[in-house]
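Just below is one structure, and these are the notes that go with it.
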Amino acid sequence: MNELIKSFEKYGEYRCASCGCALELKKTDITYLGSVFAIELPACPSCGMLFVPEELATGKMLEVEKILEDK
Amino acid sequence: MEKKTLVEFENRCVQEEPPGCRAACPLHLDGRALCEAAAKGRFDEGRKIIQKTLPLPGILSRICDGPCREACLRQEKGGAVELGALERFCADEGPFRRPRILVPKTGRTAAVLGGGISSLTAALDGAGKGYSVTVFRGETGGRELLSLSPVLTEEMVEEELEWMENLGVLFLPWDASVTPEGLAGRFDAVYAGLDDPLCRSFPELMEREDPVSLETAVPGVFAGGNTPSFIFRAAAGRRGMKSAERFLQGASLTSSREKEGPYATRLFTNIEGIEPAPPVPVPPKGYTRDEAVREAGRCLLCECMECVKSCVFLQKYGGYPKKYAREIYNNLSVIQGTRLANGMINSCTLCGRCERICPGGFSMRDLCLTARQEMVSQQKMPPSAHDFALEDMAFGNSPEASLLRHEPGHSRSAFLFFPGCRLAGISPRTTESVYGHLRKVLGGEVGFWLRCCGAPARWAGCRKELEKAGKEFLDQWRSMGSPVVIAACTSCLEVFRKELPEIRAVSLWSVLQEKGVPETAPIRSVPAALHDPCTAAELPEVRAAVRDLVSRTKVPAEELPLTGELTSCCGFGGLQECANPALAAETAKERCGESPSDFLVYCAMCRDLFARTGKRTMHLLDLFFPPSDGDPGDLPPVSWSDQRENRAALVRDLRKYLWKEEEKMEADRDALSLVMDKGTEKLLESRRILAGTVRRVIRNGEVSGRKIARPDGTFIAGLKPAAVTYWVVYRPREDGTFEVFSAWSHRMEVKGREEGAP
């Protein structure tokens, strides 16, 4: 999933509405049904607010969710 | 699932039972497989099938008298398949290439008396069991086999005898010193083939005691094959050597041998509609290749598949119930690894049609429902499968979308109109009209009850939630004085009948049939195909009431080919639409394709799912309570979002205008107004993101200020109300509304999100 996020340079133009900072990639853990994955997500360097991009949520993340649900 | 339960399920499915020809053959030659290969011109495959089953294939395949003919289902459709002639062509077309299997010698010895087919079969089988076999035969040295049929040549007989010698069978001449008693003393077991006249000269062999074991008066000596049928002679030899084996093992000579000879198969094959075709005549020299291919093509390749033929779901997974039962059992037994059948278990519509079609009464509904309940109790149910429906059920029972009242101006209820979530969500207008009509025709004391009956929890296998909802349901019903519930939805009726038998419930359709419908001008007289909802399949009185009501309209109704108790689901039943939306769309499309006419339905969900495929579909209530403008067949399907909002709006409207409760009502918390184009609406519908959720996400972003600003002036806000996290892209507009551009969701949780996320 990391490679996927790295190509999302456009998120550098996104800003945290409350802090005004440009988003940067931040190492984060995501979990589902007991499995933990390390991933980089766009986040505000000041307050830490982050978000999960649409391409990730409806693509790779959905695939992994389905695999884990059948485990 | 217990192994015992699996076996009970499996036993009901007859698809794996042998075809009639195979069951009727005393040696169980697979005629269906032979014909399947031969019809494709694959005669080498045919020979493999023959040599696997028949002893002496070079002889028996040419002279078999074909007792299978009597069991061949083609018999009624032009004449039985000429399987004997097909076997003969296979044998003539090329050589048998038998693999020589080395069997370890057991040290046991067996003697075989006679040189006929029965004796030689016994000898072959004995060699195959690892015995040292000695055949005592007359002086002709096997040439008597030639006399069995003019089609046999010396070469053919020689080849078979040579094969036996290669396997180590020893042939000795029979002289006067050889007697059954004498052999029984020198060998561990003895078989005598009574198709050889020499054997018939011993009275002790002819006084057989047991037709199952072929045991004779002499212990350890077995005899059989005194029959004109060549194949039965061979079968006796096989049976006799099996008895010899049991005798040597000290096992029972008679137990569990029912299926050794011919038996009646349980396989059901529907031959309705099959065009009769006469057999290809067999020339004295046997078939040509072309004739053999044509004759094999007449085989019906008997199989059942009755339930699969008419079920999109059963077709989807490429098998049949017996196979599915094993897959589901394995799925439930997985401790570590992938559960391959989760999708299948959750995709059944639970309509029960397979059970009604199946000659053995196999119920995929019971199987899948049992599996779902087990998965839920083992906490192995994929959260995504039914969450949406369960959440909708919770919404349906929330104060926002539920309502329980005596009729305005009354303090007790003799009846309670129970429209159900779907009718109220898809057509709140009709719901109100029907309620008004019922109050009129029933003369008062007609209360109103909107809530969920519990069907989603039942279908999802959530027994705990269902029981909790059922208790609440009963409490509410009793609080109203236990009135008669008038249910508009057959799924609700099914839940009452199966889970809450205490509830006195009748169908709205029966009430309308008895009390009458409003006089309305005929809307149209174009014929329409009447579709019964799957949950009406077990409610004949409801189906009859509906047909009576339809006859009062001006719509000429047609019956679909599969109707009444054999009706099919629209794709919503059993939460198929929730767990497998693509399959549900196929299910609806398949059903709609059964007639070019418009559809007439009496379930709101059926109406909506059919309308989504583009089929013009009318709800019966729309004929009696027509929309003020336009044709009911033109009404658009209603999105999940709108269904929810319609229910909430219906509750608000009824409370405000009918029960005059405005002062008690809370202000509408969901007032935030959304604007989105059709494409976005469709995207959100397909992702099951409701307008209400979008509002909550935007409100959260706007109130907390925690949102992401994009260079184009739009914002992204997120919220995790329960298990799912939602993200919405939106732009506040000057008029105070919010334009929505996209929304998505995920179930994975971002760790430490509490601090970091919006």
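Once C-alpha pairs closer than 8 Å and six or more residues apart are averaged by separation and normalised to the residue number of chain B, the relative contact order reads 10 percent. Compactness of the stretch B:253-337, taken as the C-alpha radius of gyration over 2.2 N^0.38 Å, stands at 1.70.
Pairwise Cα distances in the protein assembly as shown exceed 42 Å for 52 percent of all pairs.
Normalised radius of gyration (Cα atoms, divided by 2.2 N^0.38 Å) for the stretch B:385-427: 1.44.
Both numbers refer to the Cα atoms of the stretch B:444-539; Rg and Dmax are 16.0, 48 Å.
Accessible area per residue for the stretch B:169-273, computed on protein heavy atoms with a 1.4 Å probe, is 47 Å². Taking each residue as 0.36 nm, the span from B:Lys285 to B:Thr737 lengthens on full extension beyond its C-alpha to C-alpha distance by 153.8 nm. Applying the Kirkwood pairwise sum to the alpha-carbon positions of the stretch B:337-451 produces a hydrodynamic radius of 17.4 angstrom. Take every pair of alpha-carbon atoms less than 8 Å apart whose residues are at least six positions apart; their mean separation over the length of the stretch B:270-407 yields a relative contact order of 16 percent. Once the mean of 1/r is taken over each pair of separate Cα atoms and inverted, chain A shows a Kirkwood hydrodynamic radius of 12.9 Å. Hand me the GluC sites (Glu not before Pro) from the stretch B:259-343 located in a DSSP loop with no more than 11 other Cβ atoms within 10 Å, in residue order please. Passing sites in the stretch B:259-343 are B:Glu272. Using only protein heavy atoms and a 1.4 angstrom probe, determine the accessible area buried between A and B, summed over both sides, in Å² to the nearest 100. Its buried surface, counting both partners, is about 2700 Å². Computed over neighbours whose Cβ is under 11 Å from that of B:Tyr263, the net charge equals +1, Lys and Arg +1, Asp and Glu -1. For chain B, the alpha carbon positions stretch 117, 64, 51 Å along the principal axes, listed from largest to smallest.
With 10 Å bins beginning at zero, the pair-distance distribution over Cα atoms of the stretch B:621-691 amounts to 15, 33, 35, 16 %. Taken over the stretch B:205-305, the convex hull of the Cα atoms encloses 177 Å³ per residue.
In a DSSP loop and with at most 16 other Cβ atoms within 10 Å, the GluC sites (Glu not before Pro) in the stretch B:567-640 are B:Glu594.
Equivalent ellipsoid of the stretch B:573-615: semi-axes from √(5λ) of the C-alpha gyration tensor, largest first, are 18, 12, 8 Å. Across all Cα atoms of the stretch B:1-139, the radius of gyration (one decimal) and Dmax (whole number) stand at 18.4, 63 Å. Note on the stretch B:639-756: Rg/Rh from C-alpha atoms, Kirkwood Rh, equals 1.02. For chain A, the longest principal axis of the Cα atoms and the long axis of helix A:60-69 meet at an angle of about 30 degrees. What are the residues of the stretch B:727-753 that lose 40 Å² or more of accessible area, with a 1.4 Å probe, going from their chain alone to all protein chains? The answer is B:Trp727, B:Trp744, B:His746, B:Arg747, B:Met748, B:Glu749, B:Val750, B:Lys751 - residues whose exposure falls by at least 40 Å² when every protein chain is included. Over the protein assembly as shown, dividing the summed -39,500 (n - 2.57) contributions of all DSSP H runs of at least 4 residues by the number of residues returns a 222 nm mean residue ellipticity of -12000 deg cm²/dmol. Each residue, B:Arg294 and B:Ala671, gets one label point 7 Å from its Cα in the Cβ direction; the gap between the two is 8.5 nm.
Taking the accessible area of the protein assembly as shown, probe 1.4 Å, and keeping the other protein chains in place, the carbon and sulfur fraction comes to 51%.
Evaluate E = 1/(1 + (r/R0)^6) for A:Lys10 and B:Lys259, where r is the Cβ-Cβ distance and R0 equals 60 Å; express this FRET efficiency to the nearest 0.05. FRET efficiency, A:Lys10 to B:Lys259: 0.30. Considering only Cα-Cα distances, which of the following residue pairs are longer than 26 Å: A:Lys10/A:Lys71; B:Lys380/B:Lys720; A:Lys66/B:Lys316? Pairs exceeding the cut-off: A:Lys10/A:Lys71.
Simple spin-label estimate for A:Thr58 and B:Val441 gives 4.7 nm between the two label positions (7 Å along the Cα-to-Cβ direction from each Cα).
Placing unit charges on the Cβ atoms of the charged side chains and taking the dipole of the protein assembly as shown about its Cα centre, the candidate lying farthest along the positive direction among B:Tyr726, B:Val703, B:Tyr287 is B:Val703. For the stretch B:124-259, the Cα-based Rg and Dmax, in that order, read 14.7, 43 Å.
Between B:Glu681 and B:Val484, the contour length at 0.36 nm per residue exceeds the Cα-Cα span by 66.9 nm.
The values are calculated or read from the model by the stated rules, or taken from the named source; none is laboratory data. Bear in mind the structure is a predicted one, so any value in this text is a computation, not a measurement. Using ideal geometry, Cβ is built from the backbone for each residue, glycine included, and neighbour counts are taken over all protein chains shown. Surface areas here come from the heavy atoms of the whole protein model, side chains and all, with no ligands, DNA or RNA. Shrake-Rupley method; radii C 1.70, N 1.55, O 1.52, S 1.80 Å.
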